[in-house]
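Asker: One structure, as structure tokens, below. Some questions next.
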Amino acid sequence: MIAAPRIPSPVAAESQRGGLLVLADYLSLTKPRILLLLLITELGTMIAAARGWPGTSLTLVALAGGAFSAGGAAAVNCWFDRDIDAVMARTCTRPIPSGRIAPARALIFGIGLSALGFAILALLTNLLAALLALAGGLFYVFVYTMWLKRSTRQNIVIGGAAGAFPPLVGWAVVTGVIAPPALALFAVIFFWTPPHFWSLALLLRRQYQAVGVPMLPVVATDADTRRSIVLYSVVLLAVSLVPAIWFGPVYGLGATALGGSFLWMAWRGLTAEGLRWASRLFHFSLAYLAALFALAAVGALLSH
């Protein structure tokens, strides 16, 4: 573990602040912005699987279970990464490294939240959906966070599969099975993750280098990273068109436009000076994924 700066007593910090501030800190452990994007992919897949609205009760239960499962895994990630989070400027103000929440409490919170998510999905939807959500969380914690992240340049390539589980969960909630359309949407997120994250890692290269995390921009040249982003953007465009088999021409046209824009922004990075293009690509990639899964829902409705 990396030696972290001295931090104040978390117990004292919690007792000196109001309940809402403490609650906000625990909520931040779930990485709510990432969580929101995961829930959008789950919801879009549910609507596509149902070829319509899956039902309000089922939707709320599924999203709650998915949120607790993914949020719990994120909290455990924050617990494990507290040493490097304390060093990186981007993460040093998080509740654990800044001393506002005790590591043990964060770990208990994360495990408890994951268990609650599993129970909700298992009892109120079906066991397959619960097991898939659990598998995604375990993959994120044990495969990506504890193994790959600090040991290989392929960390985000393989570990990114953890974020691709929500479509499988959403499809299983509605249908009780895993089908080819769900696997195609899983593949979309899998191939989206490297260019999405490498564009951010380019901006944070020095911070990752300082903590010894071998993100691609740290262990490869700037040019190699830019070419890798383009390569995965090409694959992403091709893979994103596969769901048009089930979701129709509206989805296909929209996916072409979105993927083409993604690839164009990545291609510009081959010759662009500085890293402004990387910042733009990173932020566009967030909107891209949300829009693509909205298209999957709309396309499925129109092609029904």
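Throughout, read-outs are computed from the coordinates displayed, never taken from laboratory work. The shown structure was predicted, so the numbers you read here are calculated from the model rather than taken from an experiment. Positions of Cβ are generated from backbone atoms using ideal geometry, with glycine treated the same way; all protein chains shown enter the neighbour counts.
Asker: Using helices alone, I'd like the mean residue ellipticity at 222 nm for the chain: each DSSP H run of four-plus residues gives -39500 (n - 2.57), total over residue count, nearest 500. Kindly include the intermediate steps, with their values, before the conclusion.
Answerer: Working: 15 runs with 221 residues, N = 304.
Rounded to the nearest 500, the figure is -23500 deg cm²/dmol.
Asker: From the P(r) of the range 53-93, could you give the percentage of C-alpha pairs in the tail past 13 Å? Intermediate values should be presented prior to the final figure.
Answerer: On the way: 519 of 820 pairs.
Counting every Cα pair in the range 53-93, those more than 13 Å apart make up 63 percent.
Asker: Looking at A172, V218, S57, which one has the Cα that reaches farthest to the positive end of the dipole of the chain (charges on Cβ: Lys, Arg +1; Asp, Glu -1)?
Answerer: The residue sitting farthest along the positive end of the dipole is V218.
Asker: Pick out which of T30, T175, T56 has the largest mean-square fluctuation in a Gaussian network model of the chain, springs linking Cα atoms closer than 10 Å.
Answerer: T56
Asker: Roughly how many Å is it from the Cα centre of the range 133-157 to that of the range 180-223, as a whole number?
Answerer: Each part reduced to its Cα centre gives a spacing of 13 Å.
Asker: Assigning unit charges at the beta carbon (Lys, Arg +1; Asp, Glu -1) and nothing else, what dipole magnitude in debye, to the nearest 20, does the range 33-144 show about its Cα centre?
Answerer: 200 debye
Asker: What is the chain by shape, rounded, prolate or oblate, if you read a ≥ b ≥ c off the alpha carbon gyration tensor as root eigenvalues and call it rounded for a/c under 1.5, prolate for a/b larger than b/c, and oblate otherwise? Please report the intermediate quantities before stating the final value.
Answerer: On the way: a/c = 2.14, a/b = 1.15, b/c = 1.85.
It is oblate, given that a/c is not under 1.5 and a/b is not larger than b/c.
Asker: Hey, what do the phi angles of the range 277-283 turn into as Karplus ³J(HN,Hα) couplings, whole Hz, using 6.51/-1.76/1.60 and θ = phi - 60°, x for Gly and Pro?
Answerer: Couplings: 4, 5, 5, 5, 5, 4, 5 Hz.
Asker: From the Cα gyration tensor of the range 247-296, with a ≥ b ≥ c the square roots of its eigenvalues, which class applies: rounded if a/c is under 1.5, or else prolate if a/b is larger than b/c, or else oblate? Walk me through the numbers before you get to the answer.
Answerer: Working: a/c = 6.00, a/b = 2.17, b/c = 2.76.
Because a/c hits 1.5 or more and a/b fails to exceed b/c, the range 247-296 counts as oblate.
Asker: Right, something else. Given contacts defined as C-alpha pairs under 8 Å and at least six residues apart, what's the relative contact order of the chain, whole-number percent?
Answerer: 20 percent
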